[in-house]
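Comments concern the structure below.
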Amino acid sequence: MDPKAILFIAGATGYTGQALVAHACAEGHRVFAHVRPGARGDAPAAHLAELGATVDRTAWQGPAMAETLAQVQPEAVFALLGTTRARGRAAERAGGAAETYQTIDRDLSLLLLHAAEACGSRPRFVYLSSLGADHPRGSAYLQARFEVEAALRAGGLPWTIARPSLITGPDRPEHRLGEEVAAVATHLGLGLVAALGGQSLRDRYDGMDADTLAAGLLRAALDPAAAGRVLDAAQLRQP
């Protein structure tokens, strides 16, 4: 891949997405930052533009997204899509379309994948999955990601799957108390494990902030050796 690549980032207004746009623009890549129409207001989109990205508001419809990617001809497409139960309940109260792990995490990721397959540039598809997605065990969240991973393997594009553990940090604007408590407890526990010689376990299961994850995702997208690989937190941290 060219050192200065054309990148399409879906989920660009999220915690990880904004960090990835910042990293990619700082390195001089041409970045198309997709903003879901009607999502999160205008402030995040303005911030993405200030970083140097071209803000894209293509509707989440298959033909429209395929047409956009055919015009952009990206060398890498990032799928950083996801919702939470709280957002789903808020959307329902507002009378909007249902937001579930199936409709957002799975269906929009698959729509983007099919559009990328049809665009003609054969981009690397970089998918932000989750630790545990290979064994859903009844979790709707992990099941959605399991199905996207399966579609990637069965498809015709080069891909890279990222499976970090908790993604959180003091700079996260959207506070999730449960995740924050879990991240602190996990970090402390894994610190003890590392002190007893389990550094590899700590590196694989410890959480990371968006900046660290974004740097790892960008490195993976530009690395030919990362095609067809599933990367855990330890591998995403490697410089």
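No lab work stands behind these numbers, since they all come straight from the coordinates. Small disclaimer: the values here were computed from a predicted structure and weren't measured. Backbone-built Cβ (ideal geometry, glycine too); neighbour counts: all protein chains shown.
Amide H to amide H distances under 5 Å link ASP56 with ALA33, HIS34, VAL35, where only residues 5 or more positions off or on other chains count and H is placed in the peptide plane. Each peptide in 233-239, 128-134, 215-221, 18-24 gets a packing score, the mean of other Cβ atoms within 10 Å over its residues, and the list from highest to lowest is 18-24, 215-221, 128-134, 233-239. Highest average first, the peptides 106-119, 60-73, 141-154 ordered by how many other beta carbon atoms sit within 10 Å of their residues are 106-119, 141-154, 60-73.
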